[in-house]
1. Mind jotting down the three principal axis lengths of region 213-304 based on Cα atoms? Whole angstrom, largest first.
2. Enumerate by residue number the trypsin sites (Lys or Arg not before Pro) in region 194-270 meeting two conditions: DSSP loop (anything except H, G, I, E, B), and at most 12 other Cβ atoms within 10 Å of the site's Cβ.
3. Please give the net charge around Ala20, taking every other residue with its beta carbon less than 15 angstrom from that of Ala20, where Lys and Arg add +1 and Asp and Glu add -1.
4. Take the alpha carbon atoms of region 150-260, find their radius of gyration, then divide it by 2.2 N^0.38 Å using N residues; give the quotient.
5. Considering every pair of different Cα atoms, what Kirkwood radius, in Å, is found for region 1-79?
6. How far apart, in nm, are the 7 Å Cα→Cβ label points at Gln290 and Leu272?
7. Can you find, among Ala227, Leu216, Ile203, the residue farthest towards the positive end of the dipole of region 185-304? Put +1 on the C-beta of Lys and Arg, -1 on that of Asp and Glu.
8. What is the Cα coordinate range of region 54-193 on the first, second and third principal axes, sorted by size from largest, in whole angstrom?
Amino acid sequence: MNYHKIVLAGGNGYIGTALAEHFKTLAEEVIILSRHAKPANGNIKTIIWDGKNEGDWVTELENADLLVNLCGKNVNCRYTKANREEILNSRIAPTTLLNKVVLKLQSPPKLWINATSATIYRHAEDRPQDELNGETGYGFSVDVCRAWENSFFDVNTPRTRKIALRMGIVFGKNDGVFPRLLNLVKFGLGGQQGNGQQYVSWIHEDDIAQITQWLLEHHEISGIINATAPNPVKNAEQMRLIRSIYGKRFGLPAPNWLLGIGALLIGTETELILKSRWVLPARLMEAGYQFKFPEIKRAIEACI
């Protein structure tokens, strides 16, 4: 085994499941901290926590090689006052709690990765945004990301290296965004969304898992890391490729006004679709990380 223990806080969701599967053959133990009980699956064990209070789960962090914090309410909802508060608190409270606990441990995790979001950057159609020269945007989702990262980095943990992983839109076959895009294509609705010129900074789930392991091995890296593929595409091209690879010649486009109605009906926000996220993983590329899926065509083929 390469590692003793991997801990995934909030790890029963889509990304957590992918990481648990990746590390189960590499680590003696994979510990998932969750609000809901789940039977053990080999060396993958779920421990109950509430993300707000210390408890028996604290001892599970001792001698961990890696702690990944994935906690946070799904942003795919209407930004009502109640939802805004829950989106923010569900990120800040667990991060604050983990900072408090990590400082107390005798043998704290060697690396702590907080999974944040590339949506912290501004709407960008003029130039790409990276960790060195990127500009943060404005609005609720950006404010959440900024507060989230501040709560993470404001506490110095001298024995635990910290990385905020700003993830793009994650593509995978079984969950996340891609199956929903594919369903649009299947039903003839897979045309461009809005004017189709907004950039999509995406990443395949296999690269998320491999980047996590790669960062664990590269002790010299800390701070902000963009986890996006090196070749973003525009929305129109993304949808064209999905149609082409699936075998659909036509997809009905969705103009802004129609997206607004649809978002209202299904309880989400058009920002999730229309914001142009043109983000590059400058630090990963400079440090030599080799992407398994650098091009979106190969990622779509793998997902389909």
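1. Here the Cα extents, ordered largest to smallest, are 48, 29, 18 Å.
2. The qualifying sites are Arg249.
3. Summing Lys/Arg as +1 and Asp/Glu as -1 gives -4.
4. Values: Rg = 17.9 Å, N = 111, 2.2 N^0.38 = 13.2 Å.
That ratio works out to 1.36.
5. Values: mean 1/r = 0.0778 Å⁻¹.
Over region 1-79, the inverse of the mean reciprocal pair distance is 12.9 Å.
6. Distance between the two pseudo-spin positions: 3.6 nm.
7. Ile203
8. Here the spans come out as 56, 34, 31 Å, largest first.
Quick note: the coordinates plus some simple rules give every number you see, no bench work behind them. This is a predicted model, so every value here is computed, not measured. Because the Cβ atoms are built from the backbone with ideal geometry, glycine has one as well, and the counts that use them run over all protein chains shown.
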